[in-house]
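*Asks:* Could you have a look at this structure, given as structure tokens, before my questions?
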Amino acid sequence: MLLTQVRKKVSVPLHYAIFNLISVTMNDTSNGLQLLTTNGFATISNIYTEDEITRISQVIHQADTSKSTFRKSADLFAIRQFLREIPEAVPLIFNKNLQDIISQLPGSYPFVVKSIYFDKPPGSNWYVSWHQDLTISADQKTDIPGFGPWTVKMNQFAVQPPVPYLENITTIRIHLDQTTAENGALKVIPGSHLKRVYRPETIDWTIEKEVTCEVPAGGVMLMKPLLLHSSSRTTNGQPRRVIHIELANMELPTPLQWAERLSIQ
């Protein structure tokens, strides 16, 4: 199993170019996970077999889509609180390979705080502009210093927490289909997570360079929420199914709690 950096889309600074050429074994975490720490993202291939992808797909297709956490349109099918809504998927997703990755992440990540399933079907014209993932999902709205503004989406409270909470979250994106630039692979700005809150309208494109993160089916992408990222419309008619999981190691201040919390230890 190899920890690899994504291919370049455009010319990037030398140290990023060097990282793009590195391919290390999972045993070499000191070098491999530096990609996540320094660039804010990394990709890992061959985490799931074709059979495992098929079984995960089957439990998703068998789900009751009438629930309020399910969203279905011509451009997007999504399931919020995915692991809670489809518990049969939990042992399939957290196979030995993924558990090994989690155990080697810098710091301790004992629980899941968000899980979403995205299905971007062939012909979708859905896209996402440049942004950081600045909000978390909470169980209630309450006045706590440093937390705000608040929003409500699909009966779920979301709030922007103090930056340390975002810095202590790692996102794992599980790719059930091959993801390329033609079917909406994420574009990212390497190292942008180190600038903390970085407003898209202030991006200096004479300094920053975007990279397209292509991931094979059965692979995963690790990323930090503060990494600036976007995705384009599908142009090749190929699907893109992704399971988005956020891991955290900090509890929220009382009485606030994570809206979705699943222990993985």
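Values quoted throughout were computed directly from the atomic coordinates according to the rules given, and no laboratory measurement underlies them. Because the structure is a prediction, the values reported are computed rather than measured. Glycine gets a Cβ as well: all are built from the backbone with ideal geometry, and neighbour counts include every protein chain shown.
*Asks:* Hey, with R₀ at 25 Å, roughly what FRET efficiency would VAL197 and THR37 work out to, going by the Cβ-Cβ distance, to 0.05?
*Replies:* The value I calculate is 0.85.
*Asks:* In addition: How many nm separate the modelled label positions at ASP100 and ASN249, each set 7 Å beyond the Cα in the direction of the Cβ?
*Replies:* So the two model labels end up 2.1 nm from each other.
*Asks:* If you don't mind, another one. If I model a spin label as a point 7 Å beyond the Cα along the Cα-Cβ vector, how far apart are those points for SER263 and GLN178 in nm?
*Replies:* The answer from the label model is 4.2 nm.
*Asks:* Once fully extended, how much extra length lies between SER129 and ASP143, figured as 0.36 nm per residue of separation less the alpha-carbon to alpha-carbon distance?
*Replies:* 2.0 nm
*Asks:* Treating cross-link reach as a plain straight distance, find the aspartates and glutamates whose alpha-carbon is under 18 Å from the alpha-carbon of LYS114, omitting any fewer than eight places away in the same chain.
*Replies:* GLU85, GLU88, ASP133, ASP139, GLU167, GLU246, GLU251, GLU260
*Asks:* To continue, here is another question. For segment 49-66, in order, what is each residue's ³J(HN,Hα) by Karplus, 6.51 cos²θ - 1.76 cosθ + 1.60 with θ = phi - 60°, in whole Hz (x at glycine and Pro)?
*Replies:* 7, 4, 5, 5, 4, 4, 5, 4, 4, 5, 5, 5, 5, 8, 6, 7, 7, 7
*Asks:* Once fully extended, how much extra length lies between THR54 and ARG233, figured as 0.36 nm per residue of separation less the alpha-carbon to alpha-carbon distance?
*Replies:* 61.9 nm
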